[in-house]
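Engineer: Input: one structure, supplied below.
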Amino acid sequence: MNLKLRLILMNFLEFAVWGAYLTSMGNYLGHVGMGSEISWFYAIQGIVSIFMPTLMGIIADKYIQPQRILGYCHFLAGLAMIGLCVMGSMSATPDKAMFIGLYTFSVAFYMPTLALSNTSAFTILKNNGLDTVRDFPPIRVFGTVGFIITMWFVNCAVIDNGAFTFSLMENENKFQYTHMQFLVSGLLSLVLFAYCFTLPQCKIVRKDSSSLSETLGLNAFRLLKNRRMALFFVFSCLLGMSLQITNGYATPFITSFKGIAGMADTFAANNATLLVSISQVSEALCILLIPFFLRRYGIKTVMLIAMFAWVLRFGFFGLGNPAFPGVILFVLSCIVYGVAFDFFNVSGGLFVDKECDVKIRASAQGLFMLMTNGLGATIGTLLAGEIINHYCQWTTEGYLLGDWRSCWFVFSGYALAVGIAFAIVFKGRRDRDESKRDIPN
């Protein structure tokens, strides 16, 4: 199989695993009495990202090839996801402590794979003489395609009276409301586990270690001694606070309109996961713009575009509703998400890869994950949960109703403040000759 096609399949499966539950899990939690803990479920992804990507990056840099440790992580994460499905099938209200514990185990091994898949792809491309800035985005776009397809699948898939069907009509047995979403994720993880061992080798660059920090793979933290890189990581953390808010609350928010007279029968309210998938369609298209924007404008402008896209993402949610014409604002929110996510996450990963030494490449990606999906996402999700739980409450029918508009405007205001601060503090390289190098400036 063509090298790029092999990496495309890897990225497709990597994000298909996540797409099966990431945006629909909130609806399931609300139905089984864990709605008030939604913020904690998404914060757990951030908490484990504080140390697990860094730890797995150290292992990938020094002991086990990254594509292999990627497979091992998916094996463990997939088994745990299947366990969540089993728990959900055994009880309409699973034991909260056991459910959270098993979920934590699963995401503890899934979250490092986001950095490991990047490291594996970058290494394989470079080993074969290809350019990561030019060749990686068209490969990475198929990760988003995988995410979209599993979102559509769980939105429409139904098991009703023992029969499996697809439906766009309202049905409480849709996978987006049930434990079956975890089974889809788990099975895909096991497929990727097997596939990882067919990928080209990413040989480890071995070197005699003379210090404890080098032995532990902590040299990536030396990047923080560079003021520009330190500021990049700090603002990555601040912007990372926005990452999981809509992943956790967009579908419960849109679905909540089913509890409002006059909007209960709208298509959007009954197909929240399908509507939110427009975000991933936009993401898939925006990835293809990254090489041009990075080479033309540099990392500062690209990050600024991402930050102000988050302002619009939250603001449009605050102004819209699922009925026409308000639903147009929901669609616009989903469209700008592609810019908000890609111009931050994908561009940031490419920037870090170009700026760091080959010997700490996986560790540096782990550090980027720590700052964004770790510290940033954890703090942001927990704070967002407090704000939403203050303004909104779960009804007995499983809808989260309240003053959503104030919540979205608070989040939009925060993103605006971060964007303004970044524009003032972070200095991009202005040398025209340097801007023509492969390193995004």
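The values are calculated or read from the model by the stated rules, or taken from the named source; none is laboratory data. Everything numeric here is computed off the predicted structure, so don't read it as measured data. FYI the Cβ positions are ideal-geometry reconstructions off the backbone, even for glycines, and counts take in every protein chain you see. Keep in mind that these areas ignore ligands, DNA and RNA; they rest on the heavy atoms of the full protein, side chains included. Shrake-Rupley method; radii C 1.70, N 1.55, O 1.52, S 1.80 Å.
Engineer: Is there a residue in the stretch 224-233 that is surrounded by 13 or more Cβ atoms within 10 Å (Cβ to Cβ), in a helix (DSSP H, G or I), modelled with pLDDT under 90 and under 20 Å from the mean Cα position of the chain (by Cα)?
Structural biologist: yes
Engineer: Here's something else I'd like to know. Given (1) surrounded by 14 or more Cβ atoms within 10 Å (Cβ to Cβ); (2) in contact (Cβ under 8 Å) with a residue 12 or more places away in the chain, where does Asn128 come up short, assuming only one miss?
Structural biologist: All conditions pass for Asn128, except number (1).
Engineer: Tell me which residues, restricted to the stretch 153-172, are in contact with a helix residue (DSSP H, G or I) (Cβ under 6 Å, 6 or more places away or on another chain), in a helix (DSSP H, G or I) and hydrophobic (A, V, I, L, M, F, W, C).
Structural biologist: The answer is Val154, and nothing else.
Engineer: Take residues that are farther than 14 Å from Ser236 by Cβ and at pLDDT 90 or above and tell me which of the helices (runs of 4 or more DSSP H) falling wholly in the stretch 335-441 contain 3 or more.
Structural biologist: Fully inside the stretch 335-441 and qualifying: 377-391, 404-425.
Engineer: Please name all residue pairs, on different chains or six or more residues apart, with Cβ atoms under 7 Å, provided the first residue is in the stretch 24-49 and is closer than 12 Å to Leu400 by Cβ and free of Cβ contacts under 8 Å to residues at least 60 places away in the same chain and the second residue is open to solvent by less than 10 Å² (accessible area, probe 1.4 Å) and assigned to a helix (DSSP H, G or I).
Structural biologist: Note: pairs meeting the criteria are Leu29/Gly35; Leu29/Ile38; Leu29/Phe41.
Engineer: Next question, about the same structure. Being touching a residue at least 24 places away in the same chain (Cβ under 8 Å), open to solvent by 10 Å² or more (accessible area, probe 1.4 Å) and either under 19 Å from Phe316 (Cβ atoms) or touching a Phe, Trp or Tyr at 6+ places or on another chain (Cβ under 9 Å) (or both) is the filter here; which residues of the stretch 248-269 pass it?
Structural biologist: Within the stretch 248-269, Phe257, Lys258, Gly259, Ile260, Met263, Thr266, Phe267 meet the criteria.
Engineer: Just the residues that are touching a residue at least 40 places away in the same chain (Cβ under 8 Å) and in contact with a helix residue (DSSP H, G or I) (Cβ under 8 Å, 6 or more places away or on another chain), please, taken from the stretch 84-105.
Structural biologist: Those that are touching a residue at least 40 places away in the same chain (Cβ under 8 Å) and in contact with a helix residue (DSSP H, G or I) (Cβ under 8 Å, 6 or more places away or on another chain): Leu84, Cys85, Met87, Gly88, Pro94, Lys96, Phe99, Ile100, Tyr103, Thr104.
Engineer: On the basis of being more than 20 Å from Pro66 (Cα to Cα), touching a strand residue (DSSP E or B) at 6+ places or on another chain (Cβ under 7 Å) and of a type in the set (A, V, I, L, M, F, W, C), does Val141 make the cut?
Structural biologist: No: the conditions fail for Val141.
Engineer: Of everything in the stretch 142-191, what is surrounded by fewer than 17 Cβ atoms within 10 Å (Cβ to Cβ), among the aromatic types (Phe, Trp, Tyr) and over 30 Å from Leu5 (Cα atoms)? Give them in sequence order.
Structural biologist: Answer for the stretch 142-191, where residues must be surrounded by fewer than 17 Cβ atoms within 10 Å (Cβ to Cβ), among the aromatic types (Phe, Trp, Tyr) and over 30 Å from Leu5 (Cα atoms): just Phe164.
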